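Q: First the structure, then my questions, so here it is.
The values are calculated or read from the model by the stated rules, or taken from the named source; none is laboratory data. None of these values were measured; they are calculated from a predicted model. With ideal geometry, Cβ positions are generated from the backbone for all residues, glycine too; neighbour counts draw on all protein chains shown. All accessible areas refer to the heavy atoms of the entire protein, side chains included, with ligands and DNA or RNA removed. Shrake-Rupley method; radii C 1.70, N 1.55, O 1.52, S 1.80 Å.
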Amino acid sequence: MTCAPGDETYELYGHTALRIKWGNDDIVYNYGYFNFKRPHFVWHFILGETDYSLRPMTMAHFYRLYTDEGRWIDEQVLNLTPEEATRLAAALEENKNQAMLENWTYRYNYLTDNCTTRAISQIVKALNGEFVLPTVERTTYRQALHIYTIGHPWAQLGNDMLLGAGSDKEIDASGQLFLPIEAEELLQSAQVRDTSGMLRPLVTTRIRIADLPDKPADNHWPPIVWVCLLLLLTTAVTLYEWRSGKTWWLYDVIWLLFQGIAGCIIAFMLCFSEHPTVDSNLLISWLNPLPLVFLWFVIQDFRHSNSPRYFWLQIAMLGVFYILALLHKQDFPAETLLLALCLLIRAAWLVLRPKLSKPRYAQQ
């Protein structure tokens, strides 16, 4: 079973489940269940300690759950032998019993171990033969995620700022199975090679059992527009200072606060979170806590009409960032390149200004 994307951020990529019809039973096995009421849920989620579990439900309940949210549902009938079908049903029943009696969970990883990969893994384990995927164009985790966040630019920017260089690793068809809708298309062309070398299709038929329209895209101004406006504002402030001889140092203090707070988030995720690839995030080159460490000294330099020496360090950090971008060490979103440019303009101006003119500092 493949379900359309939903409205919540964690629903943007769709959902996968397994349906077993056995006699009078019609049960859907859902590996994507998590409990919002778990103590300290938000804290555990930030740390990447997201424990998911298997939740069985009737097909009627599953159907209502997703159609009430306006999400379409596709069903693919698996081409299994009686022995394979029995093995799969038994494995799911065993997982269900564990989930019901032992509070069974698994550590969720949305790139490599999620509701979709768990379901496909159970299918593959039940096969009497080799699971053969079609050859597809290689992509990266980040590019694959972009397909589903293109209509939600704020969610896409948040993902791109938190995901590190590890998400830019190329993946083949097996690596793309973490996305429900991609997995549906791949399974449609997948085959099973038996011990004699004969191939059979894994899926016999595909039908849409709940035909509902896709969700509309987010119509708010995308972040790139706001960042461009910030760049224009930064340029205007710098030109004003050049022409007037005044310094709006409060503007730079606000920028350093933003940079330092965002840097604390990036540094915390890099050091402590179990979420995939956040530990390789090269945005730490300029989004780090150092601006907060030096903020008091910067303010004192401004107040005493000195050119803050910190901005030499700022230029060095931003220079490293742009070198990393040019070397394609990580696929940085355009918004971060422009935000860094805002900081570079201010840092370069504040370093070079004493050589260009004698500033008169504005009363703040």
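Q: Which distance in nm do the two modelled labels at Tyr251 and Thr112 give, with both placed 7 Å along the Cα-to-Cβ direction?
A: It is 4.6 nm.
Q: Same structure, new question: As a test of understanding, state the convex hull volume per residue of region 252-364 from its alpha carbons, in Å³.
A: With only Cα atoms used, region 252-364 gives 102 Å³ per residue.
Q: Quick check for you: with a 1.4 Å probe and neighbouring chains kept, what is the accessible area per residue of region 257-364, in Å²?
A: On a per-residue basis, region 257-364 sits at 52 Å².
Q: What helices does the chain have that are whole DSSP H segments, at least 15 Å long along their own axis by Cα, and with mean Kyte-Doolittle hydropathy of 1.6 or more?
A: 249-272, 310-326
Q: Next up: Quick check: residue separation of Val136 and Trp43 times 0.36 nm, minus the Cα distance between them. What number comes out in nm?
A: Full extension of this stretch gives 29.7 nm more.
Q: To continue, here is another question. Just the accessible area for Leu230, please: 1.4 Å probe, Å², rounded to the nearest 10?
A: 70 Å²
Q: Could I ask something else about it? On alpha-carbon atoms, Rg over Rh for region 1-150 using Kirkwood Rh?
A: Using Cα coordinates only, the ratio equals 0.96.
Q: Multiply the residue separation of Lys329 and Asp51 by 0.36 nm, subtract the distance between their alpha-carbon atoms, and state the gained length in nm to one decimal.
A: Residue separation times 0.36 nm, minus the Cα-Cα distance, leaves 97.0 nm.
Q: So, one more: Considering only protein heavy atoms and a 1.4 Å probe, what is the carbon-and-sulfur percentage of the accessible area of region 121-188?
A: 54 percent
Q: Per residue, how much accessible surface does region 92-218 expose to a 1.4 Å probe? Answer in Å², no decimals.
A: 51 Å²
Q: Limiting things to C-alpha atoms, what are the Rg and the maximum Cα-Cα separation (Dmax) for region 181-225, in angstroms?
A: For region 181-225, the Cα radius of gyration and maximum Cα-Cα distance read 18.9, 59 Å.
Q: Report the far tail of the P(r) of the chain, meaning the percent of Cα-Cα pairs longer than 25 Å.
A: Looking at the chain, the distances longer than 25 Å represent 63 percent of pairs.
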